[in-house]
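Below: one structure, written as structure tokens.
The values are calculated or read from the model by the stated rules, or taken from the named source; none is laboratory data. This one's a predicted model, so the numbers in the text were calculated from it and none came from an experiment. Here the Cβ is made from the backbone with ideal geometry for all residues, glycine too, and neighbour counts use every protein chain on show. Surface areas here come from the heavy atoms of the whole protein model, side chains and all, with no ligands, DNA or RNA. Shrake-Rupley method; radii C 1.70, N 1.55, O 1.52, S 1.80 Å.
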Amino acid sequence: MPFSRLVPVLAVGFLATAPVQAAPDVVTDIAPVHALVARVMDGVGAPEMLVLPGASPHDHAMRPSQARALQQADVIFHVGAGLTPWLDKALGSLAAEEAVITLSDAPGVLQLPSRDIPVFAEDREPHDDHDDHEGHDDHEGHDNHDHGSTDPHMWLDPANAMTWLDIIADSLAAQDPDNAATYRDNAQSARDDLVRLTAQIETALAPVRDRPFIVYHDAYQYFEAAFGIPATGAVAVSDAVDPGAARIASIKAAVAEHGIVCVFTEPQFDPKLVQAVFETSGVAVRVMDPLGAGLVPGPQLYPHLLSGLAETLVECLSS
């Protein structure tokens, strides 16, 4: 089966709907989390999303209606303060403590340390399995920046997403016992789909794993670790900090030293910086997004996000 046909085949379960019944009031932070929650709630209700795809989750300004939604919510699912510090502050004053589910803190979730160097270490340790999903306490050489010491982009590891599906289902079942079986069945169905999707992505990426590339900011570490396709470096330390002259010089040197094939920018950033850095290098420039900008919000967004990342990598690295 061609890789481009993967999502329509595997997203069938994500698109299934049923008459909406009474459901808890649920709020989520970003589109990928919203998609996972929407899949678990399929046939019962739908969650609200605070940060639309394409907007930065780090400095979102909440509307009054969203503040009211937090106050009224039965359950709130969010990645954590490292991704949305403004939301963490709002939750302390607007939401009941028992309503807040911080997914990054859940047992079994892989956490990786933030990387603030422009060119990542050549002797990085591989993370090919998920047997040990403990946080990393040793952050020597990693100064705290807006993400903190832990990389918050955890949803890009499908194993983390599978763990979250069960947490979401259990949390909703506790709030809504009448629909507990539906939540848990939906979570299991979503897990099964992600297992198949993961296998297909691994197969698709296998031929390009040795092709070096650079990303705009270090948002893809979990995807890289899950599928064994590491980036060589990142133009910016985060999406909230513009790179300085020294960092750009390091990236330019890495292009020649490592034979960089592609650089991936992101849709919410001005491409002029990347174009200026790479315009004479012959490196291909493509757009890749960790949040799903351009995708339709809903239960199918998460598998489309993962497959879209893989397809973009394969297309650019194969050329």
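Points worth noting:
- His34 exposes around 20 Å² of accessible area when a 1.4 Å probe is run over every protein chain in place.
- Accessible area per residue, Å², the range 173-319 with all protein chains present, probe 1.4 Å: 40 Å²
- Each of Asp105 and Asp192 was given a label point 7 Å from its Cα along the Cα-to-Cβ line. The distance between the two points is 3.4 nm.
- With contacts taken as Cα pairs under 8 Å at a separation of at least 6 residues, the range 220-319 carries a relative contact order of 21 percent.
- Peptide ranges 56-63, 39-46 listed from the most packed, as the mean C-beta count within 10 angstrom indicates: 39-46, 56-63
- With DNA, RNA and ligands ignored, accessible area of Tyr222 (1.4 Å probe; Å², nearest 10): 0 Å²
- Extension gain for Asp59-Ala181 works out to 40.2 nm (0.36 nm per residue, less the C-alpha to C-alpha distance).
- The label-point distance for Ser318 and Ala256, in a model that sets each label 7 Å from Cα toward Cβ, rounds to 3.2 nm.
- Area of Glu48 that stays accessible when all protein chains are in place (1.4 Å probe, Å², to 10): 70 Å²
- HN-Hα J in Hz across the range 48-53 - Karplus 6.51, -1.76, 1.60, θ = phi - 60°, x for Gly and Pro: 9, 10, 7, 10, 6, x
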